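One structure is given below, encoded as structure tokens.
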Amino acid sequence: VQLQAFGGGLVQTGGSLRLSCAASGRVFGQYTMGWFRQAPGKERDFVAAISWRGGSTRYADSVEGRCTISRDNAKNTVNLQVNNLKPEDTAVYYCAADWSVGIETMARAYEYWGQGTLVTVSS
């Protein structure tokens with residue numbers, strides 16, 4: 001599976017962004033998809049994930065209520081809508097694919113990664 005994330009940019013505090021991840025290669029619809037983020041000098045943290053059919057989602061506490069993850073298996077895409085952005089949301093956001101049934105929040109569980117897209121939130 002090849003993944004490419006896009007949609008990042010510079011936004012003001014309180015703004016919104018919609019990140020997208022396009023997948024190609026093996027059957028996208030059979031993977032749990034996740035979003036992670038990594039701020040400068042910090043570890044890569046879990047943001048959100050969605051099961052392969054889209055029936056289950058999970059969010060990090062830091063984004064709960066501000067994020068919505070969705071997927072379109074027909075278009076091989078997964079999206080992350082982030083609202084009410086805060087300066088602490090500034091990071092490189094990565095999409096990832098995990099060949100498993102359940103939703104994993106650990107980065108090491110994901111086998112495939114996109115190149116990342118930078119989100120900068122100005123105060």
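The values are calculated or read from the model by the stated rules, or taken from the named source; none is laboratory data. Please read all numbers here as calculations on a predicted model, not as lab measurements. Neighbour counts run over all protein chains shown; Cβ positions are idealised from the backbone, glycine included. Accessible surface is based on the protein model in full, side chains and every heavy atom, while ligands, DNA and RNA are left aside. Shrake-Rupley method; radii C 1.70, N 1.55, O 1.52, S 1.80 Å.
3J(HN,Hα) along the range 21-31, derived from phi through the Karplus expression 6.51 cos²θ - 1.76 cosθ + 1.60 where θ = phi - 60°, amounts to 9, 9, 10, 9, x, 5, 4, 4, x, 9, 10 Hz, with x in place of Gly and Pro. Label-to-label distance, Ala39 versus Ser56, with points set 7 angstrom from Cα along the beta-carbon direction: 2.9 nm.
Within the chain, what's the longest stretch lacking trypsin sites (Lys or Arg not before Pro) that sit in DSSP loops with no more than 14 other Cβ atoms inside 10 Å? Answer - 76-123.
Excluding Asn73 itself, calculate the net charge of residues whose Cβ lies under 13 Å from the Cβ of Asn73, where each Lys or Arg counts +1 and each Asp or Glu counts -1. My count for the surroundings of Asn73 gives +3. A Gaussian network model of the chain, with springs between Cα atoms under 10 Å, assigns the largest mean-square fluctuation among Ser20, Ser70, Ser56 to Ser56.
At a Cβ-Cβ separation cutoff of 4.7 angstrom, cysteine residues of the chain with no neighbouring cysteine are Cys67.
Taking Gly14, Gly41, Gly29 as the candidate residues, the one with maximal mean-square fluctuation in a Gaussian network model of the chain, Cα springs under 10 Å, is Gly41. Rolling a 1.4 Å probe over the protein heavy atoms leaves Glu43 with an accessible area of roughly 140 Å². For the pair Lys86 and Thr13, label points projected 7 Å from Cα toward Cβ lie 1.0 nm apart.
Counting Cα-Cα pairs of the chain in 10 Å increments starting at 0 gives whole-percent bin shares of 15, 51, 29, 5, 0. A simple spin-label model places pseudo-atoms 7 Å from Cα toward Cβ; at Val101 and Thr120 they are separated by 4.5 nm. Taking the Cα centre of the chain as reference, the dipole from Cβ charges on Lys and Arg (+1) and Asp and Glu (-1) amounts to some 240 debye. With every protein chain in place and a 1.4 angstrom probe, the accessible-area ranking of Asp61, Asp72, largest first, reads Asp61, Asp72.
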